[in-house]
Amino acid sequence: MAISESGPAATQVARNIQRVRKARQMKQSDVSRRLADAGRPTLATVVSKIERGERRIDVDDLVAFGRALDVPPVLLLFPLGEEDTTEVLAGQTVPTWDAFRWFVGEAPFPGDAGTPGGEIDPETGLAEWYENPWQEGAAPVALWREHAERVKEWYAVPTRVRRLRLDEDEERQQRARDWERAEDALRQTRNTMRMRGLRPPRLPEELADLEK
């Protein structure tokens, strides 16, 4: 019987731990050993209690179980492809994909349009614009993804230029121009991070001199 203080998220995690474990054809003792390897010693009997909802699972448990089961921890919360909807908060059931996107910073909470502003359209009754605090809160996620794309674009320059089938001199010049554009875009992203008070990620060795 599930303990009363367990909310829908904890209940979902417990159910998914059991589902993934069985899909991996692992025993609870196997999970116990892997949890110990992950720095979270947990008896097999405790794993059983967690799966039955008789023991609360905290954030450290969630991360450790993700490691032990070789699955992203977020999928223990939001089982994509297993359930169409998920009860995220008590009484708030939303599409699983929408819940997943909110959790990883890709979209606001499902159905949250934000705070209305501007004139109201008399035909639709909708505000002219909506201010959503979530966008500011999720800014680091978008910036880190953008940074990763900028670095990826820099590495892709030689291959992309080679496909143009230019002669040797033209290829060298085009490669230099494309690298310069990629580096400028990367600098801009890193400057935006700093303007927001964020510390940009470490650059790969090939780009270590970018900001010198």
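Just so it is clear, none of the values below were taken in a lab; they were calculated from the coordinates. Everything quoted here is computed from the prediction, not taken from an experiment. Every residue, glycine as well, gets a Cβ built from its backbone with ideal geometry; the counts of neighbours run over all protein chains shown.
Here are the numbers:
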quantity: Option label - P(r) over Cα pairs in 10 Å bins from 0, in percent computed here, alternatives [x] 8, 29, 28, 18, 12, 5, 0; [y] 7, 22, 21, 22, 18, 8, 2, 0; [z] 8, 35, 38, 16, 2; calculated: [y]
quantity: 25 Å Cα-Cα reach of residue 212 towards lysines, excluding residues that sit fewer than 8 places from it in its own chain; calculated: 152
quantity: Given charges at beta-carbon only (K, R positive; D, E negative), |dipole| of the chain in Debye; calculated: 1360
quantity: Whichever aspartates and glutamates have a C-alpha closer than 15 Å to that of residue 22, once near sequence neighbours (fewer than 8 apart) are set aside; calculated: 30, 51, 70, 82
quantity: Whole-angstrom Cα spans of the stretch 8-103 along principal axes, big to small; calculated: 35, 23, 20
quantity: The chain - mean residue ellipticity at 222 nm from DSSP helices (-39,500 (n - 2.57) per run, n ≥ 4, rounded to 500); calculated: -17000 deg cm²/dmol
quantity: Given charges at beta-carbon only (K, R positive; D, E negative), |dipole| of the stretch 54-111 in Debye; calculated: 140
